[in-house]
Amino acid sequence: GVRKINIDTDNRMAMTGQIRKILSEHPSEFDPRKYLKPAMEAMTKLCKQRLEEFNTAGQASKIKKVLTTAQMAQRYAKGELNPKIA
């Protein structure tokens, strides 16, 4: 079966926490490049952690056929969308 697990709130919390930490340690910092890069790194780390926790890491190779977004939209519109993992 397919499981859908939402981690957006976790991602936003990881990014916001990192931004707040940097801005509290360096209150005069206003260049987004200085705090967005570590925020993205925190989110990336969290995503990798969640993929491992949910036993989904390394599963991409099991997807039988890759479709473009346009192809997926066409299939969805026709009611043909039937995603399967090998």
Restricted to the stretch 11-30, and to residues that are charged (D, E, K, R) and assigned to a helix (DSSP H, G or I), which residue is farthest from Gln49 (Cα to Cα)? Glu25
Of the residues Gln18, Gln71, Gln49, which single one is out of contact with any Lys or Arg (no Cβ under 6 Å at 6 or more places or on another chain) and exposed (fewer than 12 other Cβ atoms within 10 Å of the Cβ)? Gln71
Glu41, sole failed condition from (1) surrounded by fewer than 14 Cβ atoms within 10 Å (Cβ to Cβ); (2) within 16 Å of the chain's Cα centre (by Cα); (3) at pLDDT below 95: (3)
Can you find a residue that is in a helix (DSSP H, G or I), free of Cβ contacts under 8 Å to residues at least 60 places away in the same chain and among the basic types (Lys, Arg) anywhere in the stretch 3-10? no
Could you please find all residues in the stretch 47-71 being assigned to a loop (DSSP other than H, G, I, E, B) and in contact with a strand residue (DSSP E or B) (Cβ under 9 Å, 6 or more places away or on another chain)? Gln59, Lys64
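The values are calculated or read from the model by the stated rules, or taken from the named source; none is laboratory data. These numbers come from a predicted model, not from an experiment. Note that we place each Cβ from the backbone using ideal geometry, even for glycine, and neighbour counts take in every protein chain shown.
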